[in-house]
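Each remark here refers to the structure printed beneath this line.
The values are calculated or read from the model by the stated rules, or taken from the named source; none is laboratory data. Note that the structure is a prediction, hence the values are computed from the model and not measured. With ideal geometry, Cβ positions are generated from the backbone for all residues, glycine too; neighbour counts draw on all protein chains shown. Just so you know, the surface numbers come from the protein's heavy atoms only, side chains and all, with ligands and any DNA or RNA stripped out. Shrake-Rupley method; radii C 1.70, N 1.55, O 1.52, S 1.80 Å.
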Protein chains: 2
Amino acid sequence: MNIGEIAEQTGLPAKTIRYYEDIGLVTPQRGANGYRVFRETDAHKLTFLGRARALGFSIEQCRELLALWEDRSRASADVRAVALGHLDDIDKKISALAAMRDTLAELVQKCAGDDRPDCPILKGLEGP
Amino acid sequence: MNIGEIAEQTGLPAKTIRYYEDIGLVTPQRGANGYRVFRETDAHKLTFLGRARALGFSIEQCRELLALWEDRSRASADVRAVALGHLDDIDKKISALAAMRDTLAELVQKCAGDDRPDCPILKGLEGP
DNA sequence: ATAAGGGTTCCAGTCACAGGAAGGTCAAGG
DNA sequence: CCTTGACCTTCCTGTGACTGGAACCCTTAT
């Protein structure tokens, strides 16, 4: 399979797939014409990567997960540890965003939003 | 005031303040020795920027807010529009993260996390 | 022969800074 | 006067995970 075909199959942009090869996440073979040749295992890997990235795992975490995935003697505890770490990161991000949203929503609510210049949002940004 | 002093006062790293000058958010004067000289108005601006950034506004949104802040004939509706747009972005981000968390939490819960290789997390990443 | 539609490499840009090198300036102490 | 140390300056590079584009090669159909 050429890169376009695999891109369509996995839903990943061809650029991204080339990038993944660049950083060593996949290692497709090459045809006589220099084109990348993807096999089933490459397709599986890329699908795996696409899903892991969609769940917000970093590239390095994906690399780790991929290694565990390919290691048949892995301990599921190792996978779980990576996932739990990421889960914690996500929760922290959500908390931070929620705090921003609450503060901002409060300011927005106080603001009349008309053609007058008086604005509690700007005042809130000025100082405490 | 020198950059160190203003950095401490505003809580922004000196590097960040230099960067803000670079992109035209602040324009401190210069002393005879070439040092940046910050005045009260610069301090106010930087405090404003720090707060706006802490609420997650992008640099470009900050630039916009700063312009509105300095425009005494602004309409509060314009400020509110920027804030509402950002609020929407935040909500979208939170939703995306919450979806990730839910999916991931489900997988984590299914995983025994022991020394056996069988792992529902990896299986979930493989395919649907 | 040529045109369209693949593919290839490489370079630059994104966002909002952070790290660090190389060097100038200032105030205090010996 | 000289040194020390803390501060300041500019400039260059790197971050994460790609994306866009240029310049060029390969394949297939007309």
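In table form, for the structure just shown:
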| read-out | value |
| --- | --- |
| Pairs with Cβ under 9 Å, 6+ apart, first in the range B:102-114 and farther than 12 Å from residue A:84 by Cα, second among the hydroxyl-bearing types (Ser, Thr, Tyr) | B:112/A:76; B:114/A:76 |
| Selection count where residues are farther than 18 Å from residue B:59 by Cβ and more than 12 Å from DNA strand C (Cβ to nearest atom), scope the range B:1-27 | 5 |
| Exclusive hit being without any contact (Cβ under 8 Å) to a residue 12 or more places away in the chain and either more than 30 Å from residue B:118 (Cα to Cα) or within 11 Å of DNA strand D (Cβ to nearest atom) (or both), set A:52, A:67, A:96, A:75 | A:96 |
| Unmet criterion (only one of (1) away from DNA strand D (no atom under 11 Å from the Cβ); (2) open to solvent by 40 Å² or more (accessible area, probe 1.4 Å)) for residue A:19 | (1) |
| Flag if residue A:38 is away from DNA strand D (no atom under 13 Å from the Cβ) and either in contact with a Ser or Thr (Cβ under 8 Å, 6 or more places away or on another chain) or open to solvent by less than 40 Å² (accessible area, probe 1.4 Å) (or both) | yes |
| Number of the exception - residue B:117 against (1) at the interface with chain A (Cβ under 7 Å from one of its Cβ atoms); (2) more than 30 Å from residue A:68 (Cα to Cα) | (2) |
| Residue within the range B:61-70 that is within 11 Å of the chain's Cα centre (by Cα) and not assigned by TED's automatic domain parsing to the domain that holds residue B:93 present | yes |
| Residue match in the range A:9-16 (condition: in contact with a helix residue (DSSP H, G or I) (Cβ under 6 Å, 6 or more places away or on another chain), part of a helix (DSSP H, G or I), within 9 Å of DNA strand D (Cβ to nearest atom) and more than 9 Å from chain B (Cβ to nearest Cβ)) | yes |
| Condition check for residue A:103: β-branched (Val, Ile, Thr), more than 14 Å from DNA strand C (Cβ to nearest atom), within 14 Å of another protein chain (Cβ to nearest Cβ) and within 15 Å of residue B:125 (Cα to Cα) | no |
| Residue list for the range A:41-83, filter: surrounded by fewer than 18 Cβ atoms within 10 Å (Cβ to Cβ), more than 7 Å from every other protein chain (Cβ to nearest Cβ) and not in a helix (DSSP H, G or I) | A:58, A:71 |
| Residue in the range B:110-127 that is within 14 Å of the chain's Cα centre (by Cα) and basic (Lys, Arg) present | no |
